[in-house]
1. Among the numbered criteria (1) closer than 17 Å to B:Glu311 by Cα; (2) crowded, with 18+ Cβ neighbours inside 10 Å, which one does B:Ala97 miss?
2. Which of the following residues is more than 24 Å from B:Ile352 (Cα to Cα) and out of contact with any Ser or Thr (no Cβ under 6 Å at 6 or more places or on another chain): B:Glu295, B:Glu257?
3. Write out, first by first residue and then by second, each pair whose Cβ atoms fall under 8 Å of each other, whose residues are 6+ apart or on separate chains, and whose first residue, in segment A:81-95, is more than 7 Å from every other protein chain (Cβ to nearest Cβ) and touching a residue at least 12 places away in the same chain (Cβ under 8 Å) while the second is acidic (Asp, Glu) and surrounded by fewer than 21 Cβ atoms within 10 Å (Cβ to Cβ).
4. Among the residues of segment B:48-83, write down those that are buried (at least 17 other Cβ atoms within 10 Å of the Cβ) and touching a Pro at 6+ places or on another chain (Cβ under 9 Å).
5. Going through segment A:126-172 one residue at a time, which ones are among the charged types (D, E, K, R), within 20 Å of A:Leu81 (Cα to Cα) and within 11 Å of chain B (Cβ to nearest Cβ)?
6. Which members of segment A:123-151 meet the condition of being out of contact with any helix residue (DSSP H, G or I) (no Cβ under 7 Å at 6 or more places or on another chain) and closer than 22 Å to B:Ser337 by Cβ?
7. More than 21 Å from A:Pro39 (Cα to Cα) and in contact (Cβ under 8 Å) with a residue 60 or more places away in the chain: is that true of B:Val219 in this structure?
8. I'd like to verify a number: residues in segment A:6-35 that are part of a loop (DSSP other than H, G, I, E, B) and at the interface with chain B (Cβ under 10 Å from one of its Cβ atoms), how many?
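The values are calculated or read from the model by the stated rules, or taken from the named source; none is laboratory data. Treat the numbers as computed from the prediction; the structure is a model and nothing was measured. Quick reminder, even Gly has a Cβ in these numbers, built from the backbone with ideal geometry, and neighbours come from all protein chains shown.
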Amino acid sequence: MNEGPLTPEEVMAHLTARLSGGIRDTSIRKWEQGRKRVPHYTLWIDLERDSLKPAIRALMEIQFPHLSVIAGADLGDAIRLLYIFSVQYGSPKSEYMVTFAIALPKSDLTVPTISDLIPGAVFSEREKQEFFGIRVTGIPDGRGLFLPEDFPEGVFPWRKDETGVPEGMVKALWESKRPRERPAPPVKEKGPGPEGGDAPSAPAPAGRSAKEEEK
Amino acid sequence: MSGESKKAPYRVPIGPNHPALKEPVMFTFEMEGEVVRDVDFAPGQAHRGIEWMGMRRNPVQIVHLTDRICGICGVVHSLSFSLAVEQIAGIEVPERADYIRTIVHEFERIQSHLLWAGVAAHELGFDSLLYLTWRVREEAMDVIENLTGNRVNYGIVQVGGVRRDIVPEQHAIIEKCLATYEGLLDTLLSFFLDDRTIRMRCRDVGVLSRKDAVELCTVGPTARASGVNVDLRQDYPYAAYGDLDVKAVLPDRYLGETHGDVYDRIVVRLLEVGQSCQIIRQCLSEMPAGPITAEEKLVKLLATCKKATGEGIGRVEAPRGECLHYVRMEGKDSPASWKVKASSYSNLMSWIPMLRGSQIADIPIIVASIDPCLSCTDRVAIVQDNRRSILTKDDLHRLSAEKTRRLQG
């Protein structure tokens, strides 16, 4: 495959031919911008978990793919992981994004590491372990990445179930109000919020009103 | 420095506040004498949970949150987030807005690269060059303020378009700024590239091979300086770039060879300043007339977003490389999932091959050379034979400046 860049359909055909069994769903999405409406393409492929690494190998036959990031979403009963790649960089206007999506059921949140194929993936895999509570098997470096050392164990910020960030951890800064020892603001602050007595009939000017307070 | 053989290699932690730039990251160096044998780093000293916050807000609120992810890249995050949402909700951006987005995007690149050039000069102990680059950077900042109303946190991009038009009177202001930079570029190039000391400090220092650059998912000028032909403006057109025929700036196109070192990273960034000037000029002359947003009324815009379901990826070439936002909408006010991938996220891993084998005095310039959007050393503690001496940021900078003086003889 060295006669010029492939079309998005050819890339999709190459991948589907290699992975006959493991594909759940595919789509090619086009988006056009600018005066000439030059399109760019995103290939979305939903895979079985076992087909993830074969799919990446098939992608590597085209070009060593660029892994942008592994994104994810908590769907309730499963965690959806999206491995966002791009191939054919270096060919003007012919780079395509290729997204491999897999679903990990909450009963078995494990996925094999892909860092043996793409060494740079470790960074993103570490982040997914930390933020979704999944387990990347075979990861060469399983330490945390972004969360502070004293962050409680078993809390995963991007989960939407009972392991997500609990209410008690959230600091509502707007509740802290204006410090009393500060000098008065140069412009007189607007009257009290909705529950106040002299609220104007028109809606209060944007923003500030909710946190106005004692004076 | 007696008795170092006893415990060599010894560990040098740097951070979590500083080696060269603004934001915090924790480095641990394994040193053998002056040479870095191995290195490890831990980012995340300033994790703010922006994605967590975004998943509890609506897209119009998130746009303003994205403006505040980074103080330098004010436009790239809001642009990539908007691109993602527009693709999910099927909002077609007017052509004029595509051009205005492109113009502000390129001014951001100019000011970011000049800021970096100043930091690089400072790390080498060449402070007069720092003052020059930061002074001329102000011109781009003034134009950005004129176009958007703000020096940072521009607030120019909105889902569906932009929030301010560029009127004919502003063309002259932009043109004057571009002319200044184009007149200055040769001077800057010769200050940086013909200077014997900068060459000695940067040539073959902090080398990143092409293979490592590709395998570690490196992006932007850091990848291009290692000879990887990547530039989303060329490969994956968005906004007005499909109309423009941008070509990636690669060191061998200018110097005839690629080393993948700090010097090449300087070359790429400086040449991109000139390239950005050309892009802005072309956009100004070809900018079509028409509306600047698909939907002026935010209530209607929010209603459209609320109905949207699906997944989208917005991806732009930030000054430091690819910036990507993944958004998943499920017909609710706020997105079901949102992942921000800033450009430095992809570049941090490249520090490890760059720093291995380098000297302690070269750490600041190598760390700075990928233009990290986090990092910084307040102090370095050198632990040796259980004696502990603290090196402050100033000491580390002094070491680097002294090396420059030594080389100058």
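1. Condition not satisfied by B:Ala97: (1).
2. B:Glu295
3. Within 8 Å, no pair qualifies.
4. B:Glu51, B:Gly54, B:Met55, B:Asn58, B:Pro59, B:Ile62, B:Ile72, B:Cys73, B:Val76, B:Phe81, B:Ser82
5. A:Arg126, A:Glu127, A:Lys128, A:Glu130, A:Asp141, A:Arg143, A:Arg159, A:Lys160 - these are the residues of segment A:126-172 that are among the charged types (D, E, K, R), within 20 Å of A:Leu81 (Cα to Cα) and within 11 Å of chain B (Cβ to nearest Cβ).
6. A:Ser124, A:Glu125, A:Arg126, A:Glu127, A:Lys128, A:Gln129, A:Glu130, A:Phe131, A:Phe132, A:Gly133, A:Phe151
7. yes
8. Looking only at that region, the number is 2.
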